[in-house]
Amino acid sequence: MTGDAGVRASSMLNATRRSRELDILADGGEVDLLVIGGGVTGAGVALDAASRGLSVVLAEARDLAFGTSRWSSKLVHGGLRYLASGDFAVARESAVERHLLITRIAPHLTRTLPQLLPFVDGVSLRQRAIGSIGLWLGDGLRRIAGTPGTVLPRPHRASPRGAVAMFPALSRSGLRGGMISTDGQLIDDARLVVTVARTAAAHGATILTRTRATDVDGSGATLHDELGGGSVRVRARSVVNAAGVWAGQLDPDIHLRPSRGTHIVLDAATLGNPTAALTVPHPGSISRFVFALPTQLGRVIVGLTDVDAPGPIPDVPSPTGDEIDFLLTTLSQALNRPLTRNDVRGSFAGLRPLVESDAVASTADISRRHRVEVSTNGSVGILGGKLTTYRAMAKDAVDLACRHAGLDDPGCRTDLLPLVGAPGSPVPIADPGASGRSSATLRARYGAEAAAVLAAGGSGGAERVAEGIDVIRAEVAFAVRAEGALDADDVLDRRTRIGLVRDDRAAAADVVAQVVGETLARLG
């Protein structure tokens with residue numbers, strides 16, 4: 001099934017659809033593919049399989065993007081770090097997937113972001129030289145992937161004045177300008193996950209959040225409704241375990257070595273409202289960096305760390321004080337004034353689902369190459385990898401699932417498939433008759449759906465949820481009507497990123513809860 005004919009259903013995810021689809025599952029019947037996990041990989045598997053014409057059910061115990069997928073640096077990067085470690089295959093794959101995301105699959109959810117390697121006293125001559133060479137090698141990856149220089153400009157020198165113009169908080173001590181390269185950045189990683197899941201739903205996939213899977217094997221799983229109660233055994237011709245850091249809890253054959261990546265959140269005004277990211281080498285390192293990345297809602301996120309995270313997997317990982325201090329200290333060596341804990345507005349941490357390797361001492365040295373394999377219980381496990389290459393990971397998982405189960409397979413076509421809201425997407429938007437003027441902010445977050453989002457809020461929908469927070473009531477209503485949000489936490493922490501700053505979360509919580517309740521009542 002190809003082309004527009006492959007689009008069989010609305011892309012809208014909401015409580016009403018969830019209830020209806022749970023009822024359908026309860027009637028029995030076998031599906032081609034059951035996907036466990038609603039992060040970017042699981043959503044990508046659901047989309048890949050559904051777009052091939054397979055019947056698909058995705059079960060997520062909590063919410064879309066609840067786990068690792070929402071805790072990234074939000075970069076769509078070209079694999080330079082992997083090139084530095086000698087893993088050319090991973091670096092090339094990352095560059096190719098970046099090209100597809102920013103030019104075809106999700107140009108509405110990505111933007112190009114200049115990145116400045118500063119030549120200041122805190123960055124050694126060796127770090128400057130090797131860093132500059134690395135940027136040119138990274139540009140070679142861009143050319144291999146076929147990304148035009150008009151999309152991602154080639155590296156070039158920045159003058160001292162130009163460097164300060166892009167990052168006003170830059171240190172003037174010994175400033176000799178810097179090197180500028182350009183990479184891709186997601187508007188929001190959680191929004192990518194939701195959009196992939198909605199696109200899968202439009203191709204007929206059943207997307208079930210708050211639905212926990214147990215008794216998983218290659219023939220299916222028992223799904224438990226965490227909201228309404230009850231359970232159903234879903235029979236499947238193939239099962240993909242895409243539960244990320246929780247995958248080993250479903251399959252004892254899977255052995256992971258999670259590593260924690262921590263970020264801190266600063267006000268953009270604290271750094272002079274930069275228009276470029278700042279790339280600062282770790283002390284004494286030529287291959288690891290701390291990034292200060294301008295992002296939405298007037299924030300800059302600074303990250304990231306890579307430390308072992310043994311023990312039980314928490315629902316929401318917590319940064320350590322040492323990690324926060326390391327990020328502040330490393331970034332400050334390139335700034336005109338040192339940052340302190342008082343500058344930190346929020347912090348977050350995510351766990352990388354790295355494949356265990358006894359031969360590697362540090363998690364930073366474990367390959368980010370993904371692996372798909374059939375477990376002894378018959379399910380297909382997908383391990384490792386990274387956000388940028390989710391589509392390639394999903395393709396490999398569905399390819400293996402089809403071979404293992406003997407499913408009819410017309411082949412992957414997600415490299416040609418724009419996501420909902422992207423130019424050229426065949427997926428129907430939530431309200432194709434919507435009209436009205438939408439802001440640049442809405443267009444940046446929702447692409448072609450911006451007018452539909454505004455229309456979802458009705459009268460008063462354009463009002464902000466709180467003073468100083470660039471999120472309007474209509475976005476909350478749209479999250480409930482079309483993006484699968486079932487409560488205020490889904491909206492605060494995943495459909496928007498208000499929750500990254502505790503004070504913002506408190507300021508917006510009452511209004512968000514009110515709009516969520518009103519919208520759910522209308523759906524009911």
> Considering only the range 246-275, how many residues are without any contact (Cβ under 8 Å) to a residue 40 or more places away in the chain and under 24 Å from the mean Cα position of the chain (by Cα)?
Replying inline: 2
>> For the condition crowded, with 19+ Cβ neighbours inside 10 Å and of a type in the set (Lys, Arg), what is the one hit in 143, 161, 191?
In response: 191
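Being assigned to a helix (DSSP H, G or I) and over 29 Å from residue 12 (Cβ atoms) is the filter here; which residues of the range 210-246 pass it?
Listed by number, the list holds a single entry, 245.
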> Taking residue 86 and the conditions (1) over 24 Å from residue 495 (Cα atoms); (2) of a type outside the set (Phe, Trp, Tyr); (3) part of a helix (DSSP H, G or I), which numbered condition does it fall short on, given that it satisfies the others?
Replying inline: (3)
> Across the range 441-454, what is the total count of residues that are touching a Phe, Trp or Tyr at 6+ places or on another chain (Cβ under 9 Å) and in contact (Cβ under 8 Å) with a residue 24 or more places away in the chain?
Replying inline: 4
> Which one of 521, 479, 466, 509 is of a type outside the set (D, E, K, R), in a helix (DSSP H, G or I), touching a helix residue (DSSP H, G or I) at 6+ places or on another chain (Cβ under 8 Å) and surrounded by fewer than 24 Cβ atoms within 10 Å (Cβ to Cβ)?
Replying inline: 509
>> Quick check on my filter: what residues within the range 146-158 are surrounded by fewer than 13 Cβ atoms within 10 Å (Cβ to Cβ) and touching a helix residue (DSSP H, G or I) at 6+ places or on another chain (Cβ under 7 Å)?
In response: 146
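Test residue 326 against the stated conditions and say whether it is closer than 30 Å to residue 475 by Cα, modelled with pLDDT of 95 or more and not polar (S, T, N, Q).
Values: closer than 30 Å to residue 475 by Cα: no; modelled with pLDDT of 95 or more: yes; not polar (S, T, N, Q): yes.
In short, no.
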> Within the range 483-497, which residues are touching a residue at least 24 places away in the same chain (Cβ under 8 Å), assigned to a helix (DSSP H, G or I) and crowded, with 24+ Cβ neighbours inside 10 Å?
Replying inline: 490, 491, 494, 495
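Quick check on my filter: what residues within the range 216-260 are of a type in the set (Lys, Arg) and more than 14 Å from residue 33 (Cα to Cα)?
Step one: list which residues in the range 216-260 are of a type in the set (Lys, Arg), which gives 233, 235, 237, 257, 260.
Result: 257, 260.
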> Looking at 31, 57, which is the one that is β-branched (Val, Ile, Thr) and surrounded by fewer than 24 Cβ atoms within 10 Å (Cβ to Cβ)?
Replying inline: 31
> Would you say residue 46 is of a type in the set (A, V, I, L, M), at pLDDT below 95 and either under 19 Å from residue 210 (Cα atoms) or buried (at least 20 other Cβ atoms within 10 Å of the Cβ) (or both)?
Replying inline: no
> Of the numbered conditions (1) more than 24 Å from residue 288 (Cβ to Cβ); (2) within 15 Å of the chain's Cα centre (by Cα), residue 58 satisfies every one except a single condition; which is it?
Replying inline: (2)
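From the list 311, 321, which residue is assigned by TED's automatic domain parsing to the domain that holds residue 118, on the phi > 0 side of the Ramachandran plot and more than 21 Å from the chain's Cα centre (by Cα)? Walk me through how you get there before you give the answer.
Details: 321 fails: on the phi > 0 side of the Ramachandran plot.
Within the list 311, 321, the selection yields 311.
Quick one: which strands (runs of 3 or more DSSP E) sit completely within the range 106-209 and have at least 1 residues that are in contact (Cβ under 8 Å) with a residue 24 or more places away in the chain and out of contact with any Leu (no Cβ under 8 Å at 6 or more places or on another chain)?
On the way: elements: 110-118, 156-158, 178-186, 206-208.
Counting at least 1 such residues, we get 110-118, 156-158.
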>> Within the range 408-431, does at least one residue satisfy the condition of being more than 21 Å from residue 194 (Cβ to Cβ), at pLDDT below 90 and surrounded by fewer than 20 Cβ atoms within 10 Å (Cβ to Cβ)?
In response: no
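The values are calculated or read from the model by the stated rules, or taken from the named source; none is laboratory data. Predicted model, so just to flag it, every value in this text is computed and none were measured. Don't worry about glycine lacking a Cβ; one is built from the backbone with ideal geometry, like all the others, and counts go over all protein chains shown.
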